[in-house]
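Everything below concerns the one structure shown next.
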Amino acid sequence: MNINLQTSIDWCRIMKITCSQLLIAIVFTGVTLAGTDHAQSILSRQVDISAHNMDLGSFLKKLEKKANVKFIYFEDLLESSKKITLDARQQKLKDVLTELLQPYNINYDVVNDRIVLSRNTGTPAPTAAENAPVREEAQAVAITGKVTDEHGQALPGVVVKLKGTNIAVSTNEQGVYIINIPDNQGVLVFSFIGYTNREVPVNGQKVINIQLQQESKDLSEVVVVGYGTQKKVNLTGSVSSVSASQLEDRPITQASQALAGLAAGVQVSQNSGRPGNDGAGITIRGIGSFGAGRDALVLIDGLAGSLNDIDPDNIKSISILKDAASASIYGTRAANGVILVETKRGQNGKVQISYNNYVGWQKATSLPDFVDSWEYAQLTGATADVVAKYKSGTDPDNYPNVSHLKNLLNSGSGFQTDHNVSLAGGDQKSSYMLSLGYLNQNGIVAKNDYEKYNFLLNVDSKIKDNLTLKVNINGYSSNTKEPRQSSGDMQSMIGYAVREPNTFAGLKSDGTYGHQDSYSPEGWLASPSFNDTRNKYFMGGLELSWEIVKGLTLSGKGGYKYYDLTNTNYVADVQFDANTYIGPNSLTIYKGDGALTTLQSLLQYTKTIQKHTFTALAGYSQEANRDNWIQASRDNFPSNLLYELNAGAATNMQSSGSASEWALRSYFGRVNYDFAGKYLFEANARYDGSSRFPENNRWGFFPSVSAGWRVSEESFIKDNFNWIDNLKLRASWGELGNQNISNYPYQNAISLGQNYTFGGSLVSGAAVTTLSNINIKWETTKVTDIGLDLDVFKGKLSMTLDYFDKTTSDILYNVPVSSVLGLTPSEVNAGAMKNTGFEVMLKYNTAIGNFHIGASPNFSYVNSRVTKIAGNIQQDISAGLFVGQSLNPIYGYVADGIFKDAADVASYATQPIAGQPGVIRFKDISGPNGVPDGVVNSYDRTVIGNTTPKFAYGLTLTASYKGFDFTALLQGLGGYTKQMGSYQAFAYYNSGNIQRWQADNAWTTANPNPNALYPAITGLSQGSENVQTSTFWNRNATYLRLKNLQLGYSFSDKVVKRLHIGRLRVFAGGQNLFSWNHFYKGWDPEMYQATGDSPNFYPITSVYTFGANVKF
């Protein structure tokens, strides 16, 4: 989002500048950044101080301690032989400073908790050539003018200095300055935080108006990296970052949704709109394993967690570490990339209270169109008389026309609202951030509701000048409520609503329900059945940092994460009609909890020697995790209104439970070298030990090296191409590990619950069911990355390019064995994968007067393929593994249209199931000898599609004009194929529904088109020829989605002052508003669909919102 805050003079710009730039800017003069009230509170402090014959420098140091202040000044300001004798008792600091500094002709100003000393401009200080003769005729000359930015807006606080002297002033709130200089010659230097310095010769001018150009934001941007931060311009690894401004005010209920379309090399796919379970899957540079876990490591303020554990309103920045150079310091868990989340913190200054909210409504992005009941009856062979009864609509109980799916997905309100209140503030000793949030998401299905309460408290305390304490606490409490049916949850209800034709009634006039088998969306929705999930989550961290000497810092950190989950599933018994009873009722309660304890210690040293900067980091970390769960169930409750566990029958009560633990211990380090900001080098290493591996393979070493060359700092670029702000080449190599496997793979773990009959009674038992692998070890991923960073035209245009090669070896795989073994074999380190690709990210920003526009496209390509399964195994069909292919490709027959007539059937290759006119025909492509043999069978199946996206792309567009702002985000995935599940793709499958596109495009005897979009409509089941996996059902799943659109307006200062608030912005927008694709009509390609005879899904939803941002 690009919010125009031109009338707010300092904070948005100043906070983006590093401390060193701030010091350089303010030492020249009194730039009044703090408010008048704040300055007065400092100057009103009571001081007791005395001195006898003391020099000025010594006295200022003493006064710093007495008054608890900090002075900023040039050393030559104190070059005087005058001595101080002074005795002040309970005097205001203001009076002491006036008495002290007047004899030295020194001015002072309070700037953001510091007191800046500068020479009184009425009496110019001598230049470096102090003994040079002074021209007696020289008289002071007043130069005046106004300083503006590139948009013509006044810049208050700009330092205007006569080059080579200590004569300096600053511009006022209107950007106007007046400076007295010795004569009408010399050069004025204009400098301001975040802007490029400008030098202007006086040459006798009395009025000098200038315009300053904003520095490239990328050059000063600081990003979070492993165990610290770095300036983006100095990075040698591949890191993408997302700021809070890119997330603000979007109706995202889970933080994982936020990254879609914003970062190159990151594939984000939201498979569902299910309230409370609508998080997105995130893949960084392709899937790298088919054995161990594939999820990226997520760290929230340095502690391991889930991206969905944090409220999106509380995120300050997200960094994605994509290559080994940036991620190897996290070793064993970094193979799939690392996501670092930094939460918002308090700032020094007045208390700020912010309130952000929105309200919105959801609806499914796509829904299929089904034929009416009379059309269905006609297509499935009903008589004309029956068709007429359906069409007349006079007997809705027996001849209905009910759209079960549409009615179910419109039974809920779809209302969604989010509220967040935060308080932030602090002083020079401490700062705090308190945030409270509430989210309520009513589903598009009745009785579906998700409520979540979030909290965050971050406190920073400066105990001593060299001792700081950070406290991070966040958590939430959530409750998800859903309806359900006997055979599954709410998603199953939706899946079977797709199956149920319009010829079945819903609620009938006599109070009974129409149903297909045991499925009736209306009946189950009206029943007391429910699925209730309650979550409680807490994460806390405490970090103490001690600067032992300048540049050497020791810190210790402790963290604790705890979750508690309770799931209650109740299935009521229902009576659909006089002849159909579904029961008995049953109740299942699951309860789980777990805790992760983290201890961390870091020692960091930074040293600069002339142009050489060295930084070294050494660290230790250990983590211990335990999970517990218990489950109990009973059935045959006396009433659907009484579903406490003890009320159920004891005859079928069941219970189970278990626990698991794992631990990780690590040593790690990093060395950085920087020569003149031109040549950059970094080396990382981590030594990890995991309880999940046997003693002989427990420890793994994961190194990386990277280097960068800022070509733009070379004279042949700086002197000839001043439009190039930054040009950097970088390269990296490293190794990463993956320990995301089961907890006890190398141990002969005894499985409980192996009950058996002894003496006619059921006895509890235990047995070894898995054959352990005592030689199991890490999966190892090697990553090579070559990149280029370019910023030009004062930051208006920037580009980042990366090429990567990511190879994973020793992938865990279950080698098939004979069932005679009697045990399930453990996984062995056998497989390998390779991902190669490239990424490009562009940013463009410009302005035409008050009209600001920006565009930021990104694109990534990943070619992912299995290079080894195990030994000489070339394919494992059941596991979806094929050497040379991506994971889980589509494997089946190559379709060759539809049989036109009997002659066509007779002349074509023999089909796997007897061919007939109107069914799909399959090509004969091979045989036992590798050549076509006239028979289509298992030899003719092959890889026919890739289900893994090769492309990910996004485009952010921003615009602002005065108080108006506009943002649009487009996002998509491409280069892959999908097939849908049975009831979604096939007409009349298990007597299921028929979609409009199927009926309108089907092969018929009247129109025997061999290229029809759908074969003949006939009764289908799992073994039918038409439902065999083939290219006929492949669809291009590539899509481009309008992910977010927002228009906002910020009220002027005049309005907000009248309302006694600091800021007021209102906005309207939406999420998932439109999608361009060539998928099945009425279906969203991004949505998950289950295959087979047990369909379940929840549609992705569009959200239309209105909201406001208020600051007090």
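Checking the Cα-Cα distances for LYS834/LYS978; LYS536/LYS777; LYS429/LYS962 against a 28 Å cut-off, the pairs over it are LYS536/LYS777; LYS429/LYS962.
Against the main long axis of the alpha-carbon atoms of the chain, helix 56-67 sits at an angle near 50°. Across segment 645-756, the convex hull enclosing all Cα atoms gives 200 Å³ per residue.
Taking every Cα-Cα distance in segment 163-297 and sorting them into 10 Å bins from zero, the calculated P(r) comes out as 9, 24, 21, 15, 13, 11, 6, 1 percent.
Rounded to the nearest whole Hz, the Karplus-based 3J(HN,Hα) values (6.51 cos²θ - 1.76 cosθ + 1.60, θ = phi - 60°) of segment 1067-1081 follow the sequence 8, 9, x, x, 10, 6, 7, 7, 9, 9, 7, 10, 8, 4, 5, with x at glycine and proline. Kirkwood's formula applied to the C-alpha pairs of segment 903-1050 gives a hydrodynamic radius of 18.9 angstrom. A cut-off under 13 angstrom between Cβ atoms defines the neighbours of PHE637, and their net charge, with Lys, Arg +1 and Asp, Glu -1, is -2.
Working ranking of peptides 224-230, 694-700 by packing, defined as the average number of other Cβ atoms within 10 Å per residue, highest first, is 224-230, 694-700.
Under the 0.36 nm per residue contour assumption, what length would be gained going from the current alpha-carbon distance of LEU788 and SER655 to full extension?
That works out to 42.0 nm of additional length.
Residue-wise HN-Hα couplings along segment 537-543, as the Karplus relation 6.51 cos²θ - 1.76 cosθ + 1.60 with θ = phi - 60° gives them from phi, are 9, 9, 9, x, x, 9, 10 Hz; Gly and Pro carry x. Between GLN428 and ASP1093, full extension at 0.36 nm per residue minus the direct alpha carbon distance yields a gain of 232.9 nm. The alpha-carbon of LYS94 sits under 12 angstrom from the alpha-carbons of these aspartates and glutamates, leaving out residues fewer than 8 places away in its chain: ASP109.
Building the convex hull from the alpha-carbon atoms of segment 803-934 and averaging its projection over directions returns 16.6 nm². The packing ranking, built from the mean of other Cβ atoms within 10 Å per residue, places the peptides 548-558, 238-248 in the order 238-248, 548-558, highest first.
Ranked by the mean number of other Cβ atoms within 10 Å per residue, highest first, peptides 184-190, 148-154, 1037-1043 order as 1037-1043, 184-190, 148-154.
For segment 198-305, trypsin sites (Lys or Arg not before Pro) meeting the loop criterion (DSSP other than H, G, I, E, B) and having at most 15 other Cβ atoms within 10 Å: LYS206.
Across bins of 10 angstrom width beginning at 0, how are the C-alpha pair distances of segment 737-838 distributed, in whole percent? Over segment 737-838, the share of Cα pairs per 10 Å bin runs 12, 25, 21, 15, 12, 8, 5, 2, 0 percent.
Here the scattering of segment 981-1033 is modelled by Debye summation over its C-alpha atoms, one equal scatterer each and no solvent; at q = 0.22 Å⁻¹ the log10 of I(q)/I(0) is -0.82.
When DSSP beta bridges are limited to those with both residues in the chain, what percentage is antiparallel, rounded to the nearest 5? Provide the component values of the computation, followed by the final result.
On the way: 378 of 394 bridges.
Beta bridges within the chain, antiparallel portion: roughly 95 percent.
Go through LYS481/LYS1111; LYS1043/LYS1111; LYS611/LYS728; LYS61/LYS231; LYS344/LYS550 and tell me which ones have a Cα-Cα distance over 24 Å in this structure. From LYS481/LYS1111; LYS1043/LYS1111; LYS611/LYS728; LYS61/LYS231; LYS344/LYS550, over 24 Å: LYS481/LYS1111; LYS1043/LYS1111; LYS61/LYS231; LYS344/LYS550.
Straight-distance candidates among the lysines for linking to LYS206, with alpha-carbon spacing under 20 Å and chain neighbours fewer than 8 residues away dropped: LYS146, LYS161, LYS163. Net charge of the neighbourhood of SER191, taken over other residues with C-beta under 9 Å away and scored Lys/Arg +1, Asp/Glu -1, is +2. Each 10 Å bin, from zero up to the one with the longest distance, holds this percent of the alpha carbon pairs of segment 843-912: 14, 21, 15, 19, 14, 11, 6, 1. From helices alone, the chain scores -2500 deg cm²/dmol at 222 nm; the rule is -39500 (n - 2.57) for each run of n ≥ 4 DSSP H residues, then divide by the residue total. Between amide H atoms placed 1.01 Å from N, distances below 5 Å from ARG921 occur with ASP896, GLY897, ILE898, PHE899, all of them 5 or more places distant or on a separate chain. The trypsin sites (Lys or Arg not before Pro) of segment 333-378 include none that DSSP puts in a loop with a beta carbon having at most 13 other beta carbons within 10 Å. For ASP465 and GLN610, a Förster radius of 25 Å and the Cβ-Cβ distance give a FRET efficiency of 0.40, rounded to the nearest 0.05.
Since every read-out is calculated from the coordinates, none of them should be taken as a lab result. Quantities reported herein were computed from a predicted structural model and do not represent experimental measurements. No Cβ is skipped: glycine too gets one built from the backbone with ideal geometry, and neighbour counts run over all protein chains shown.
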